[in-house]
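Here's the structure we're looking at; comments come further down.
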Amino acid sequence: MTSSHKTQSFPHNSSIDSSWVCLRTDGSIKIDEGFAATGGFVRDHNGRWIVGFSKYLGNCTVIEAELWGVLE
């Protein structure tokens, strides 16, 4: 089993302008089963969730899964 997974904390900084949001995306694949998915979320300047998404991609490469996350 090979997969790509990143864990990061939300960078909260009180000096961030209130018009800014944080967008996080990630793609993941399971090569031996031909499974790929992507997902992400948007948070406001205080770290509160605005919206999130996930999508099943089928069979694709790691870079394709990552780029689908950005596109979505």
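The values are calculated or read from the model by the stated rules, or taken from the named source; none is laboratory data. Computed from a predicted structure; not experimentally measured. Backbone-built Cβ (ideal geometry, glycine too); neighbour counts: all protein chains shown. These area figures cover heavy atoms from the full protein model, side chains too; ligands, DNA and RNA do not enter into them. Shrake-Rupley method; radii C 1.70, N 1.55, O 1.52, S 1.80 Å.
For V62, what accessible area in Å² do you get when you roll a 1.4 Å probe over the heavy atoms of the protein chains, rounding to the nearest 10?
Using a 1.4 Å probe on the heavy atoms, I get roughly 70 Å².
Using the heavy atoms of the protein chains and a 1.4 angstrom probe, tell me the accessible area per residue for segment 15-72 in square angstrom.
67
Using protein chains only and a probe of 1.4 angstrom, how many square angstrom of I50 are accessible, to the nearest 10?
Here the residue's solvent-accessible area equals roughly 90 Å².
With charges only on Cβ, +1 for K and R and -1 for D and E, what is the dipole size of segment 22-71 about its Cα centre, in debye, rounded to 20?
260
Once ligands and nucleic acids are excluded and a 1.4 Å probe is used, how much of D26 is accessible, expressed in Å² to the nearest 10?
30
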